[in-house]
Amino acid sequence: MRIVVARCQVDYAGRLTAHLPMATRVLMIKADGSVLVHSDGGSYKPLNWMSPPCTFREGSTEDGQPEWTVTAAKTDDTLRILIEEVHSDSSHDLGVDPGLQKDGVEKHLQELLAEHPASLAEGLSLVRREFMTAIGPVDLMCRDADGLSVAVEIKRRGDIDGVEQLTRYLDLLNRDPALTRKGAVRGIFAAQEIKPQARVLATDRGISCALVDYDALRGMDDSEHRLF
């Protein structure tokens with residue numbers, strides 16, 4: 001990861017336009033290709049960003065001022081960062097992240113949905129839990145009634161970060177010919193509660209949303225009829 005603290009101006013152009021006037025901000029360039037612009041506030045959410053796959057290029061304007069250009073691979077969206085002064089520029093190798101450790105409820109949700117995948121979509125069957133990718137495991141890899149691969153990401157509360165996580169997984173999975181022989185891998189974002197912004201983003205990315213009733217799933221998991 002590269003972290004740059006700089007006085008900069010940021011302009012985003014594409015399906016929407018946004019402008020951040022000149023100010024000191026934190027710029028993050030991650031190993032997965034994403035570029036994020038942060039201020040000293042606003043909690044975890046960046047002021048602007050570009051998700052992978054995208055192309056990052058360092059150049060300069062006609063008058064020699066440093067300028068970064070980040071272009072989305074699948075759209076015409078462009079993020080331009082005009083840099084006036086760099087206060088700090090450092091790179092760090094973070095290694096392989098083990099992924100977020102799920103709490104008890106989220107882990108149990110995954111177990112229950114692995115046993116009852118058809119509760120998410122009719123005809124869905126489980127292929128494997130914790131299907132590994134280069135950036136972490138997909139909660140469930142399933143197959144639908146037409147034989148298409150379906151990646152399922154499970155959260156207790158579904159927000160934009162969860163949708164972004166599933167988007168990154170889908171981008172990698174759709175590069176695997178073994179998974180795409182019958183068509184593109186599609187995604188299902190499953191949670192007990194899904195925030196409106198996350199639902200809008202998921203719909204825009206072609207990802208289905210599924211609300212999960214934890215108590216109903218637990219009712220399917222009837223311990224009285226188990227041998228162990």
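Relative to the longest principal axis of the Cα atoms of the chain, the long axis of helix 160-173 makes an angle of roughly 80 degrees. Accessible surface for the chain, divided over its residues, is 58 Å² per residue with a 1.4 Å probe.
Derived value for region 33-134: Kirkwood hydrodynamic radius 18.1 Å. Basis is the mean of 1/r over every pair of different alpha-carbon atoms.
As an equivalent ellipsoid, the chain spans semi-axes of 39, 18, 16 angstrom, where each value is the square root of five times an eigenvalue of the C-alpha gyration tensor, largest first. Based on C-alpha pairs under 8 angstrom that are at least 6 apart in sequence, the chain has a relative contact order of 13 percent. Put simply, the amide H of residue 194, placed in the peptide plane, has neighbours under 5 Å in 158, leaving out anything fewer than 5 places away on its chain. Computed over region 122-171, the range of Cα coordinates on each principal axis works out to 29, 24, 17 Å, biggest value leading. Taking label points 7 Å from Cα along the Cα-to-Cβ direction, residue 205 and residue 90 give a separation of 3.0 nm. The distance between label points at residue 31 and residue 19 comes to 3.8 nm (points 7 Å beyond Cα on the Cα→Cβ vector). Surface composition of the chain: carbon and sulfur atoms hold 50% of the protein heavy-atom accessible area at a 1.4 Å probe. Convex hull volume per residue, computed on the Cα atoms of region 1-72, equals 103 Å³.
The values are calculated or read from the model by the stated rules, or taken from the named source; none is laboratory data. What you see is a predicted model; the values in this text were computed from it and never measured. With ideal geometry, Cβ positions are generated from the backbone for all residues, glycine too; neighbour counts draw on all protein chains shown. The area values use the complete protein model at the heavy-atom level, side chains included, leaving out ligands, DNA and RNA. Shrake-Rupley method; radii C 1.70, N 1.55, O 1.52, S 1.80 Å.
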